[in-house]
Amino acid sequence: MEFCPKCKSMMMPAKKVYKCRKCGFEKEIKGGFVSKTERDEREVTVLEGREMGMPTTRVKCEECGNDTAYWWLRQLRSADESEVRFFRCTKCGKTWREYN
């Protein structure tokens, strides 16, 4: 990201120069600029099982009897009410919630 030395506004890339939209100052792009057409495709990896990156807790799943589940909190109602804790079984994937 480049900033204009005259007016301190953010400069935008235009062809082979950075150009200030406010005052029109131009600066040559050197080296590290990559246009959108030159970018490589990104690889997406979907993690499953224990690799999901979510915290786990010991709670029994009513569906399969497994004793480990991922958990997370969500504010479903107004801010003055407590959050709802969600669980997802690490074995069968069943999701349920616990109200506080």
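Coordinate-derived values only; no laboratory data. If you're wondering where the values come from, they're calculated on a predicted model, not measured in any experiment. Here Cβ is always computed from backbone atoms with ideal geometry, including for glycine, and neighbour counts include all displayed protein chains.
The table for this structure:
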| quantity | calculated |
| --- | --- |
| Peptide ranges 62-68, 77-83 listed from the most packed, as the mean C-beta count within 10 angstrom indicates | 62-68, 77-83 |
| Diffusion coefficient, µm² s⁻¹, Stokes-Einstein with Kirkwood Rh over alpha-carbon pairs of region 52-99 at 10 °C and 1.306 mPa s | 141 µm²/s |
| Region 52-99, relative contact order in percent, only Cα pairs under 8 angstrom and at least six apart counted | 29 percent |
| Contour minus Cα-Cα distance for Tyr99 and Trp71 (0.36 nm per residue) | 8.8 nm |
